[in-house]
Amino acid sequence: MKPSKKNILTTGLAVVLAAAAVLGGTFGYLQDSTENVTNTFKANQVTVSLKETTGDAYEIIPGTEQEKDPTVTVTNTVDAYVYVQVTDTTQDLVDYTIAEGWMQLDGYENIYYREVGKDDETKMFSVLENDTVRYDAALTNENMTDKTDLKLIFQAYAIQKAPFADAAAAFAAKDSVIADDADTVKTAIAQGQPVVLAEDVELSGNLIINDNENAVIDLNGKTLTIGAMAQNGGSLTVRNGNIDTDVFQVSGENNSLILDGVTTDAYVLISEGTENSTVDITNSTITGALYAFSTNAAVAGSGQDVVVNITNSTLTALPDPNPNADAADCTGVLFNICGTLNITNSTIYGGRQAVIVRCGTANITNSTLVKTSAVKDSEIDKKKDYTVSDWEDGNRVVASVLTIGNYKEGASASYAEDAAVTLSKVTLTRQEGDTMPTVYLGSNADYSASLSCSDESVAKTDIGYSGTSCYFNSELLTGE
């Protein structure tokens, strides 16, 4: 039977009396106490409203103007960004000017924003200058014939300013989950919700995106630590921060990987058999060990409908020039599948080669390719001279800044497509004392290697070649 409250109190009193009877006397204690430390938390809010008092139906009369007063009101106890989105389907029949104080948001043509401090006196803002719209006097009947569904639509948003880097980052996160711990990140990704990091986060294990799954992670200038990031179909977008991981791996079909504004020491790998997929690396810095970016051609002829775009980025397989041959055995970009590689406004560093295109199509524009060592074929790996020996797998090819094709005496068992590279405004750099050709082409009985260059990026004298089907600007280099 559970004792009543009265019984508990009575029992306690009896124990105290018994102790006093046995011990007796007066005792002192070594003791102290502090004042209470009280932590007070204040709940904050950011709310926004959009109202008009001038109605919602208007007549277009050339040469006149009408009052129209969409007004945004924000209530914020923390600093905030306030946005207004203007959707215009009036087909140039209605003129207006956005009111002073609104700034166009980077990357958007129809979204404007302003910062509103928590203590600002003014928190009500007109959207349109003079609260009016205008109709050009030059409009005619012909201008208005068959014009229907003419609308101006306004929508307002307000988002707390912290922890976002700027107004664009905050707006991009308006439909996202804000996360400062691993559980929140995992839950958001599992539910297909975009996630924005508010703090550095460490995830145990790997992140795997499967068919029809979509993960969007805005690092928001923070660092995400995770074992590996892998895709087997599905879409993964990571932007604006640091990733501490082992590899970005793409496999299977129908993948989309976007790295935008990412810094990482992990290399990007397109696995064997990948088809119908895209990889976009933009505004990023990727530093790998053996490769910064690589494809895998273990399945001959794979890579159909695979497109890789490297834009405004730096990919490095060896951070600094290093004369040690073994340390130089690395390649910035290895492309060996039957897809398309586009490198634009980027810099690629590699110790053994900056870029290898073993098959497929590559377009390199406004970029710099740097071989960061003076290593020769005979000094590294299997100590072979690949200018006269059959090329092997991976980067076991001639150690040039740019190496193209697949040299074999006979037929090719892999890399099942011609290798075709186009250069435009490209700088190819090698180290002092490097005696290997700047560019090397290799062909075999099945597939050719070609280089096209309409400017002075490469001269014919910069090129070495092996095989009977090597071309520079459509000119056959050898027929032997």
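Quick notes on this one:
- Residue that is modelled with the lowest pLDDT [pool: residues in the range 412-426 that are assigned to a loop (DSSP other than H, G, I, E, B) and open to solvent by 30 Å² or more (accessible area, probe 1.4 Å)]: A413
- Residues that are crowded, with 19+ Cβ neighbours inside 10 Å and of a type outside the set (S, T, N, Q), drawn from the range 57-95: K68, P70, V72, V74, A80, Y81, V82, Y83, V84, V94
- Applying a threshold of 6 Å to beta carbon distances and a minimum spacing of six or more residues, or different chains, the list of pairs starting in the range 58-72 at a residue that is under 11 Å from E129 (Cα atoms) and ending at one that is in a loop (DSSP other than H, G, I, E, B) and open to solvent by 50 Å² or more (accessible area, probe 1.4 Å) reads D69/E52; D69/T53; P70/E52.
- Residue check, K408 in contact (Cβ under 8 Å) with a residue 60 or more places away in the chain and basic (K, R): no
- Any hit, the range 400-411, residues being at pLDDT below 95, touching a Gly at 6+ places or on another chain (Cβ under 9 Å), of a type in the set (D, E) and open to solvent by 10 Å² or more (accessible area, probe 1.4 Å): yes
- Between Y440, Y447, the distinction of being among the aromatic types (F, W, Y) and open to solvent by 50 Å² or more (accessible area, probe 1.4 Å) belongs to Y447 only.
- Among the residues of the range 454-476, those that are surrounded by fewer than 21 Cβ atoms within 10 Å (Cβ to Cβ) and of a type in the set (A, V, I, L, M, F, W, C) comprise A459, I463, F472, L476.
- Strands (runs of 3 or more DSSP E) (entirely within the range 226-278) containing at least 1 residues that are without any contact (Cβ under 8 Å) to a residue 24 or more places away in the chain: 229-244, 247-264
- Evaluating D329 against the criteria (1) acidic (D, E); (2) in contact (Cβ under 8 Å) with a residue 60 or more places away in the chain; (3) open to solvent by less than 10 Å² (accessible area, probe 1.4 Å) leaves one unmet condition, (3).
- Test: residue in the range 188-202 that is among the small types (G, A, S), surrounded by 14 or more Cβ atoms within 10 Å (Cβ to Cβ) and part of a loop (DSSP other than H, G, I, E, B): yes
- Scanning the range 97-107 for residues that are assigned to a loop (DSSP other than H, G, I, E, B), surrounded by fewer than 18 Cβ atoms within 10 Å (Cβ to Cβ) and in contact with a Phe, Trp or Tyr (Cβ under 8 Å, 6 or more places away or on another chain) returns a single hit, G101.
A quick yes/no check of all residues on (1) within 14 Å of L402 (Cα to Cα); (2) at pLDDT below 95; (3) in a strand (DSSP E or B):
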site	(1), (2), (3)
P437	yes, no, no
L441	yes, no, yes
A445	no, yes, no
S452	yes, no, yes
D455	no, yes, no
T468	no, yes, no
Y471	no, no, yes
G479	no, yes, no
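- The residue of the range 207-219 that is farthest from S251 (Cα to Cα), among those that are under 18 Å from the mean Cα position of the chain (by Cα) and part of a loop (DSSP other than H, G, I, E, B), is L219.
- Annotation: of all residues in the range 209-236 being small (G, A, S) and on the phi > 0 side of the Ramachandran plot, the one that is surrounded by the fewest Cβ atoms within 10 Å (Cβ to Cβ) is G221.
- Count - residues of the range 237-258 that are crowded, with 23+ Cβ neighbours inside 10 Å, over 21 Å from E199 (Cβ atoms) and of a type in the set (A, V, I, L, M, F, W, C): 3
- Taking the range 358-383 as the range and being assigned to a loop (DSSP other than H, G, I, E, B) and surrounded by fewer than 16 Cβ atoms within 10 Å (Cβ to Cβ) as the test, the residues that pass are N366, K382, K383.
- Odd one out for V388, checked against (1) assigned to a loop (DSSP other than H, G, I, E, B); (2) under 26 Å from N296 (Cβ atoms): (2)
The values are calculated or read from the model by the stated rules, or taken from the named source; none is laboratory data. Not measured: the values here are computed from a predicted model. Reconstructed Cβ throughout: ideal geometry from the backbone, glycine too, with neighbour counts over all protein chains shown. For accessibility, only protein heavy atoms count, side chains too; no ligands or nucleic acids. Shrake-Rupley method; radii C 1.70, N 1.55, O 1.52, S 1.80 Å.
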